[in-house]
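A.B. asks: Have a look at this one.
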Amino acid sequence: MTQTMDDCPRMEALSALLDGELSASEDAEIAGHAAVCPVCGAAFRTLGELRASLRTLGHTPLNVDIASLIEHRLAPRAHARPARRRSRLRWLDLAPAGLGAVGALATGAYLGLLLAGGPAAGVARPAAMAVFDAAPPGGLCAGIPSCYPRRR
Amino acid sequence: MRETAPDQNAEVVRARAGDRAAYAVLVRRYQDRVHRFILRMVGSRDEAMDLTQEAFIKAWQALPDWRPEAQFHTWLFRIASNTAMDALRRRRTVEWVALEEQFDRAADSPDPQAQLESKQRLKAMDAAIAKLPAEQREAILLREVEDLTYAEIAAATGVNEGTVKSRLARARAALSEQFKRTDA
């Protein structure tokens, strides 16, 4: 059978053949074709010669110790902590902050209800809260004269 | 040289845990390979030296993300490749120097004429590699110089194997043309 250009595999197939990256059946097919096709055979030989040339590319080994050069630039690695089991003790760590948050919320809510004259208004309140009254204890205003209502 | 997984993993695991001595062993083992790859990617010896150090520093920082199922050298070349590509992107033009003139190799042949021809061929090959698009250059260097498989090149460059196959074919086609011209 006369080989035609239409039968020729693409460069990609010849390249993969060179690398041994074809399936067994593809390898047999492409290799078989390259063996009898003058164009593909020549191309495949060129790839082989190219490989030989590339592998003779020289390289002068580094005469410096990269490890020593970069040693001071390596950030210390944080030691991985072993995974902690969930523990009830963890909740005790949060207790002080939790109590403080609850106290702040309660105080704020109480003051808010007082201002609004809500149900809390009828609840016995600490004596110290009297300083917030419109008429402080003793009818005296601790502040500036404008505190006193003007008599008409 | 292919390392066995248990050999490389033990040192990498220690380095990942913060053992600097273990990491120094890894650096010394791979520094020549990483440097020669980066050198041929960027074409400048001074820049390659800086980038090689940068790659190993990045590798140290990224070690906590390394998983034992990954080949260490493939993972390391991924970092080296990204480092080189980033440097190339920062450039406006590729600056290439005749690398082969810096090599001090023992002559393959005592014949001066043969030596000259060999030197000219290497110089032409270096020039041709430097002219390849960066992605093709990367693929051909990892395949032909570093001997990585298609799967390893795919992992190192972040593309699929089909793309690796295509890039290698195009790189070889371009280099083959240069090869023929040099021989002519």
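A.B. asks: Which of the residues belonging to region A:65-105 are open to solvent by 60 Å² or more (accessible area, probe 1.4 Å) and either modelled with pLDDT of 75 or more or within 21 Å of B:I38 (Cβ to Cβ) (or both)?
C.D. replies: A:S68, A:L69, A:E71, A:H72, A:R73, A:P76, A:L99, A:V102, A:A104, A:L105
A.B. asks: Working only within region B:141-165, note down all residues that are assigned to a helix (DSSP H, G or I), open to solvent by 30 Å² or more (accessible area, probe 1.4 Å) and facing another protein chain (nearest Cβ under 10 Å).
C.D. replies: B:V145, B:A151, B:E161, B:G162, B:K165
A.B. asks: Just need a number here: residues in region A:31-67 that are more than 25 Å from B:V164 (Cβ to Cβ), of a type outside the set (A, V, I, L, M) and at the interface with chain B (Cβ under 8 Å from one of its Cβ atoms).
C.D. replies: So the count comes out to 4.
A.B. asks: Let me ask something additional. Quick one: is B:A169 open to solvent by 10 Å² or more (accessible area, probe 1.4 Å) and part of a helix (DSSP H, G or I)?
C.D. replies: Judged against the criteria, B:A169 is not a match.
A.B. asks: Please indicate, with yes or no, whether at least one residue in region B:26-34 is more than 8 Å from chain A (Cβ to nearest Cβ) and within 21 Å of B:D126 (Cβ to Cβ).
C.D. replies: yes
A.B. asks: Which ones in region B:60-70 are within 17 Å of A:E71 (Cβ to Cβ) and touching a residue at least 24 places away in the same chain (Cβ under 8 Å)?
C.D. replies: B:W60, B:L63
A.B. asks: Select from region B:35-50 the residues that are facing another protein chain (nearest Cβ under 9 Å) and without any contact (Cβ under 8 Å) to a residue 40 or more places away in the chain and write down the one among them that is farthest from B:A156 (Cα to Cα).
C.D. replies: B:M49
A.B. asks: Can you tell me which condition B:A151 does not meet? The list is (1) closer than 19 Å to A:T46 by Cβ; (2) at pLDDT 95 or above, and all the others hold.
C.D. replies: (1)
A.B. asks: Next question. Can you spot a residue in region A:20-30 that is facing chain B (nearest Cβ under 7 Å) and at pLDDT 95 or above?
C.D. replies: So far as region A:20-30 goes, yes, one or more of its residues are facing chain B (nearest Cβ under 7 Å) and at pLDDT 95 or above.
A.B. asks: Collect the residues in region B:28-39 that are open to solvent by less than 20 Å² (accessible area, probe 1.4 Å) and closer than 19 Å to B:M85 by Cβ, keeping them in residue-number order.
C.D. replies: B:Y30, B:V34, B:H35, B:F37, B:I38, B:L39 - these are the residues of region B:28-39 that are open to solvent by less than 20 Å² (accessible area, probe 1.4 Å) and closer than 19 Å to B:M85 by Cβ.
The values are calculated or read from the model by the stated rules, or taken from the named source; none is laboratory data. No experiment lies behind these values; they were computed from the predicted model shown. As a convention, Cβ positions derive from the backbone with ideal geometry for all residues, glycine included, and neighbour counts pool all protein chains shown. Ligands, DNA and RNA are excluded from the accessible area calculation, which covers all protein heavy atoms including side chains. Shrake-Rupley method; radii C 1.70, N 1.55, O 1.52, S 1.80 Å.
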